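Worksheet: one structure, shown below.
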Amino acid sequence: MLPFPNRNRYRAIWISDVHLGTRGCKAELLLKFLRSHECDRLYLVGDIIDFWRLKKAWFWLQSHNDVVLEVMRKAKHGTEVVYIPGNHDEGARDYCALQFANIKIVREDVHETADGRRLLVIHGDEFDCVVKYAKWLAMLGDGAYQLALGLNHWFNEARRHLGLQYWSLSAYLKSMVKDAVKYIDSFECALADEARRRGLDGVICGHIHRAEIRPIGDVLYCNSGDWVESCTALAEDERGRFRIIHWTKELQEPAPVYAVAS
């Protein structure tokens, strides 16, 4: 597999699920990534700022502010920045079709690749049944795992006093992992079906924090991942080829090319 001609210059870059305003956000790594890469068009594919968490407790480091300033700097110096709000920054959806500081805000977009393919760019929460039909459940899930572990002991003490058997939280979570695999596959297929329904060649999304490039039937499915755990971005070169960039803490540079789609 041939490397890209210039690994630091791309036609387009997609990042999503940064979750600025949370302790898990890898803002310092993202800032180094942004300062090390240039592109003609930068897509911010939702959940850039986590207003859900900020409403509960304010957390905002200088590095979070620096990321925002770096994006604004790129926009000022000629990079076309397209911001597509997600469910955690859904308040920005009220400003779709407007432009602030040279940053265009839209609900979704269609990106045309260098080789003429047309790809739907969308955060993806619209195709997540948990967010769409039970928003309160999605918000509850944020941090619920640690809380559940802490409560499990007292929960089972109460069950014992009531003469009930022990209920295994670990077994329940293992079953949920299997369901998560099915969920991811159904999510990806739903996005691919939507692109196909619109007569498009593919889809680029975020939301599920899982970077991916793969064909689903005759449609190209791409996910830019996240900047909470995996620290990934999606990039297109001048020939219309796609790759996932892993920006690791150890290397501070893109990992070797391993996933390219043309």
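The values are calculated or read from the model by the stated rules, or taken from the named source; none is laboratory data. Note that the coordinates shown come from a computational prediction; the quantities given were computed from them, not determined experimentally. Positions of Cβ are backbone-derived with ideal geometry, glycine not excepted, and every protein chain shown enters the neighbour counts.
Is one or more of the residues making up the stretch 104-127 at pLDDT below 95 and in contact with an Asp or Glu (Cβ under 6 Å, 6 or more places away or on another chain)? No, that holds for no residue.
From the list ARG73, ARG93, which one is more than 17 Å from the chain's Cα centre (by Cα), among the basic types (Lys, Arg) and more than 21 Å from ARG210 (Cα to Cα)? Steps first, please.
On the way: ARG93 fails: more than 17 Å from the chain's Cα centre (by Cα).
None of the others qualify; the one that does is ARG73.
In the set (1) crowded, with 18+ Cβ neighbours inside 10 Å; (2) over 19 Å from the mean Cα position of the chain (by Cα), the condition left unmet by TRP227 is number (2).
Contact map, the stretch 89-104: residues that are more than 20 Å from THR22 (Cβ to Cβ) paired with residues that are in a helix (DSSP H, G or I) and not basic (Lys, Arg), Cβ distance under 7 Å, separation 6+ or inter-chain. Pairs shown: ALA101/MET72; ALA101/ALA75; ASN102/ALA75; ILE103/ALA75.
Checked against (1) assigned to a strand (DSSP E or B); (2) free of Cβ contacts under 8 Å to residues at least 12 places away in the same chain, GLY199 passes all but condition (1). With respect to the conditions (1) in contact (Cβ under 8 Å) with a residue 60 or more places away in the chain; (2) part of a helix (DSSP H, G or I), TYR10 falls short on a single one, namely (2).
Does the stretch 211-224 contain at least one residue that is among the acidic types (Asp, Glu), in contact with a Cys (Cβ under 8 Å, 6 or more places away or on another chain), over 16 Å from SER36 (Cα atoms) and modelled with pLDDT of 90 or more? So far as the stretch 211-224 goes, yes, one or more of its residues are among the acidic types (Asp, Glu), in contact with a Cys (Cβ under 8 Å, 6 or more places away or on another chain), over 16 Å from SER36 (Cα atoms) and modelled with pLDDT of 90 or more. In the condition set (1) at pLDDT below 90; (2) at negative phi, CYS205 is compliant with all but (1).
Rundown of residues vs (1) closer than 20 Å to CYS205 by Cα; (2) of a type in the set (A, V, I, L, M), yes/no style:
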position	(1), (2)
LEU54	no, yes
TRP60	no, no
GLU70	no, no
CYS96	yes, no
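Among the residues of the stretch 28-57, just one is within 14 Å of the chain's Cα centre (by Cα) and either more than 16 Å from VAL71 (Cα to Cα) or at pLDDT below 95 (or both), namely ASP50.
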